[in-house]
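Peer 1: Structure in structure tokens, see below.
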2 protein chains.
Amino acid sequence: MTGTAEGLLARVALTWLAEPGTWSVHRLVDQLGPVAALDLLLAGEAPDRALRSAVAARSAMGEARVVAEQALARTERLGARVVTPDDEEWPARVADLRGLLLSGAARRVDLETAPPLCFWVRGAWPLGEALARSVAVVGARAATPYGTHVATELGYGLADRGWTVVSGGAFGIDSAAHRGALTAGGLTVAVLACGLDRPYPMGNAALFDRIAETGLLVSEWMPGAEPLRPRFLIRNRVIAAATVGTVLVEAAARSGATQTLNRAIGVGRPGMVVPGPVTSAMSVGAHEVLRDHDKARLVTGTAHVLEEVGRIGYDLAPPARAPERPRDRLDDEAAQVLEALLRRKAIGLERVAARAGVDLRTAMRKLSMLEELAMVVRRDDGYALAPPPEHGTEAGRPPAAAGPGPSTAPPT
Amino acid sequence: MTGTAEGLLARVALTWLAEPGTWSVHRLVDQLGPVAALDLLLAGEAPDRALRSAVAARSAMGEARVVAEQALARTERLGARVVTPDDEEWPARVADLRGLLLSGAARRVDLETAPPLCFWVRGAWPLGEALARSVAVVGARAATPYGTHVATELGYGLADRGWTVVSGGAFGIDSAAHRGALTAGGLTVAVLACGLDRPYPMGNAALFDRIAETGLLVSEWMPGAEPLRPRFLIRNRVIAAATVGTVLVEAAARSGATQTLNRAIGVGRPGMVVPGPVTSAMSVGAHEVLRDHDKARLVTGTAHVLEEVGRIGYDLAPPARAPERPRDRLDDEAAQVLEALLRRKAIGLERVAARAGVDLRTAMRKLSMLEELAMVVRRDDGYALAPPPEHGTEAGRPPAAAGPGPSTAPPT
């Protein structure tokens, strides 16, 4: 393997020729390196028929290396970067996917669980560092108010204890977990199943912007890639393997979130499940997993989750961020007001109150308190989040010196 | 051991001298038989100090054999009976309490878990037969509407499948389980912690009457015995050991119902737990048990419970009662109306409607339907349940020929 621009280009091209997770591609790259593997595929010498026809179909649409070059240019314009195993910020844990044993998997998409070739990343934190102490919180899109409440609390609680909250950016449980983490002023990572320039679902665009500002948007697909259905299942293996443990909050019977949990257990991570009312269809999948999987562990809140992920020694690692920041001590209403604000754009008082779900008077009182704490700035056109303090001050852990800042070009 | 009147009297006297479950008494009876064991205790020769002083204290209040004779006379007047291991209807399964290993038990009441010496029983069914295919449903007194709903459904579902529903007759989960079974026209057994003439709580008096009419009231304590606090915990071991499995529906942290479930697992029975919202204090105990006990099994309804109790072969046993009785086919409203009626006392139409929670018109329609099915009789002063049909007709399984009918004197 070479950490060259040529290698990076080859990995991007390979990602375009065959869906991420394809074992035969992974094995070729392992043996020959990405450049020779790409040459071999483009010469029509893929080791299996399925891969040969996939490469042929793609090649009819364009020249792989040209597509990859365009993708890299587009990545740079987006203010994103491509991260490969050659980069220091590569999240080492995803290599455990090599050992993922899937017994009884019937569909192709369930079988192709090879480690990723590269990641597209948007956001300032080095990817590996952000994921070092991370927990995945996943669940149903059609979450109930109960599930949303629990996921928000978990997201908040984990972020508050210095853990990065990882999820898939979907409606329902995913969004609640991300929002909980953001409210705590913590780090959250959304692993998407499409290009970073078109994060799906569109309805979460504002949430994705907030995540990219303070956390990370991550994808195995190049800019422009569509959120095709199978990609969500392919993506799930990354959520499962890149984190220390996975918590399932609500799931209907045999849902995608259940699959993520099973993958997490499959790569030896703690698989945790929040139970719910047996009268709720949205807890059927959660209870199924708890009944069927000896290794699935019932958890009822942040303390239980920390107990599980701490079991494998991570609780002894220094916390990712100091817990004594003023933000952690805010009352509920102040936290709501803070969450209602944006960093880039000021919002008028009335809109702040509406977004925060508090009355005008409360909004005003909390805003001036937050202003005194230097967490909010008042501008002519309203209120906005204060700019983040210098690295190493607020977060308690600076990004690695080698880590790219926001809007950096992809490393080559 | 002798199955004589003298032996019966001795067992009753021993039950009065020391609380049921006392190991040293059990061992004496095992070695010497009840008559000689009683003589030894009354001679002040109890093997341990605690037992000697208990006997001395009781003896200061009366002569044990005289008290026992009075208790037997009172039992007869009550229309109840005393059942001992010498009787054919003795529930064999309680002998498994001999092997109950309680590690880490701190309180005396947690240690004294010896098998019962005798039972007081009110109701027509032979005790052993009623308990042969039985499931305990236990839980919190301060149940939530969720827990009450789930317990009612379980009681109904299990009774509907021919299983006897056993519980403790308390408010909340216990009552809901008993009522569910009654609504299904099934068999239910309340195991009390006091004399059968003063079933506790008083507020459940009407429920106890209905249980005694079609099922059984059971106690280890003689008539007149008070429902002292420790007795509920002593009683729990019987609920756990006399049934094929125990289901915990709702429980606060470290509650009595949790203890019952632990005892069930302790004697090798399936210990089943219904999860609930993690936001509910009434599910904390349930979730604790599921987390702490490898053997505790999550169940979400009747089907799961049947799967567990069926595992040990009982699903192959002939069902305790035929499922094709007309009662099983009633619609919900008719069932509610039927449940609102009493056997002994007629109730006016308006009161029936109110108790059943239906409007007058519906009550009238369902009552005349039930009358045609010969399940209800109309009297001058209102409606009442029809008298039970001859043995072997309604229930589909006649009580054993040797079994005592209702209001029989205690066997000697």
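Read the figures in this text as sums done on the coordinates, not as results from a lab. Remember, predicted model here, so these are calculated numbers, not experimental data. Cβ placement follows ideal geometry from the backbone for every residue including glycine, while neighbour counts extend to all protein chains displayed.
Peer 1: At 0.36 nm per residue, minus the direct Cα-Cα distance, what do B:Ala386 and B:Asp96 gain on full extension? Give it in nm, one decimal, please.
Peer 2: 100.4 nm
Peer 1: Could I ask something else about it? To the nearest 20 debye, what is the magnitude of the charge dipole of the protein assembly as shown about its Cα centre, counting +1 on the Cβ of each Lys and Arg and -1 on the Cβ of each Asp and Glu?
Peer 2: Computed about the Cα centre, the dipole is about 400 debye.
Peer 1: Taking Cα centroids, how far is the range B:194-251 from the range B:1-62 in Å?
Peer 2: Cα centroid of the range B:194-251 versus Cα centroid of the range B:1-62: 23 Å apart.
Peer 1: Okay, next question. Find the chain B residue whose Cβ sits closest to the rotation axis that carries B onto A, and give that distance in whole Å.
Peer 2: Checking which Cβ lies nearest the axis yields B:Pro275, 2.
Peer 1: Given a Förster distance of 35 angstrom, what is the FRET efficiency for B:Asp48 paired with B:Asp209, based on the Cβ-Cβ distance and rounded to 0.05?
Peer 2: The value I calculate is 0.25.
Peer 1: Remind me, relative contact order of the range A:1-74 in percent, using alpha carbon pairs under 8 angstrom and six or more residues apart?
Peer 2: So the answer I get is 40 percent.
Peer 1: Classify the range B:1-68: rounded, prolate or oblate, from the alpha-carbon gyration tensor (a ≥ b ≥ c, eigenvalue square roots; a/c under 1.5 rounded; otherwise prolate if a/b is larger than b/c)?
Peer 2: oblate
Peer 1: Return A:Arg198, B:Arg297, A:Arg254 ranked ascending by Cβ neighbour count within 10 Å, so the fewest neighbours appear first.
Peer 2: Ascending number of Cβ neighbours within 10 Å: A:Arg254, A:Arg198, B:Arg297.
Peer 1: Still on this structure, I have one more. Could you tell me the relative contact order of the range A:119-316? Use alpha-carbon pairs under 8 Å, at least six residues apart, and round to a whole percent.
Peer 2: 21
Peer 1: Treating cross-link reach as a plain straight distance, find the lysines whose alpha-carbon is under 16 Å from the alpha-carbon of B:Lys295, omitting any fewer than eight places away in the same chain.
Peer 2: Straight-line reach from B:Lys295, under 16 Å: A:Lys295.
Peer 1: With r defined as the distance between the Cβ atoms of A:Met364 and B:Ala253 and R0 fixed at 45 Å, what FRET efficiency is calculated, to the nearest 0.05?
Peer 2: Once rounded, the FRET efficiency stands at 0.60.
Peer 1: Let me ask you something else. In the protein assembly as shown, if the dipole is taken from +1 on Lys/Arg beta carbons and -1 on Asp/Glu beta carbons about the Cα centre, which of A:Val29, B:Trp120, B:His149 is farthest to the positive end?
Peer 2: B:His149
Peer 1: Once Lys and Arg get +1 and Asp and Glu get -1 on their Cβ, which of B:Ala56, A:Val284, A:Ala296 lies farthest toward the positive end of the dipole of the protein assembly as shown?
Peer 2: Going by the charge dipole, the pick is A:Val284.
Peer 1: While we're looking at this one, here's another question. To check you understand DSSP bridge types, tell me what percent of the beta bridges within chain A (both residues inside) are antiparallel, rounded to 5.
Peer 2: 35
Peer 1: Taking a point 7 Å out from Cα toward Cβ as the label site, list the nm distances between A:Arg254 and the same residue in every other copy, smallest first.
Peer 2: Reported distances to equivalent positions: 4.4 nm.
Peer 1: Run the label-point distances for B:Ala57 please: 7 Å along Cα to Cβ, every other copy, nanometres, shortest first.
Peer 2: Spelled out, the distances from B:Ala57's label point are 8.3 nm.
Peer 1: Okay, helix-only estimate at 222 nm for the protein assembly as shown: each DSSP H run of n ≥ 4 adds -39500 (n - 2.57), divide by all residues, round to 500 deg cm²/dmol; what do you get?
Peer 2: -13000 deg cm²/dmol
Peer 1: Order the peptides A:60-70, B:279-289 from the highest to the lowest mean number of other Cβ atoms within 10 Å of their residues. If you can, show how the numbers build up before the last one.
Peer 2: Numbers: A:60-70: 14.5, B:279-289: 21.7.
Ranked by mean Cβ neighbours within 10 Å, highest first: B:279-289, A:60-70.
Peer 1: Here's something else I'd like to know. Only four residue types carry charge here, +1 at the Cβ of Lys and Arg and -1 at the Cβ of Asp and Glu. Report the dipole size of the range A:131-241 about the Cα centre in Debye, rounded to the nearest 20. Let's see the in-between values first.
Peer 2: Working: 10 positive and 8 negative charges, 51 e Å.
Using only the charged Cβ atoms, the result is roughly 240 debye.
Peer 1: Assign unit charges at the C-beta atoms only (+1 for Lys and Arg, -1 for Asp and Glu), then state the dipole size of the range A:326-385 relative to its Cα centre in Debye, rounded to the nearest 20.
Peer 2: 240
Peer 1: Can I ask one more? Excluding same-chain residues fewer than 8 positions from B:Lys366, which lysines have a Cα within less than 28 Å of its Cα?
Peer 2: Straight-distance partners of B:Lys366: B:Lys345.
Peer 1: Let me ask something else. Would you kindly work out, in nm and rounded to one decimal, the distances from the label point of A:Gly99 to those of the same position in each other copy, ordered shortest first, with label points 7 Å along Cα-to-Cβ?
Peer 2: 3.8
Peer 1: Taking amide H positions as placed in the peptide plane 1.01 Å from N, state which residues far from A:Arg198 in sequence (5 or more) or on other chains have amide H under 5 Å from it.
Peer 2: A:Gly224
Peer 1: Right, next: Taking the dipole about the Cα centre of chain A, with the C-beta of Lys and Arg at +1 and of Asp and Glu at -1, give me whichever of A:Val12, A:Pro47, A:Leu349 is farthest to the positive side.
Peer 2: About the Cα centre, the residue reaching furthest to the positive side is A:Pro47.
Peer 1: Would you mind calculating the relative contact order of chain B from Cα pairs under 8 angstrom and at least 6 residues apart, reporting the percent as a whole number?
Peer 2: Numbers: 853 pairs, mean separation 66.7, N = 412.
Relative contact order of chain B: 16 percent.
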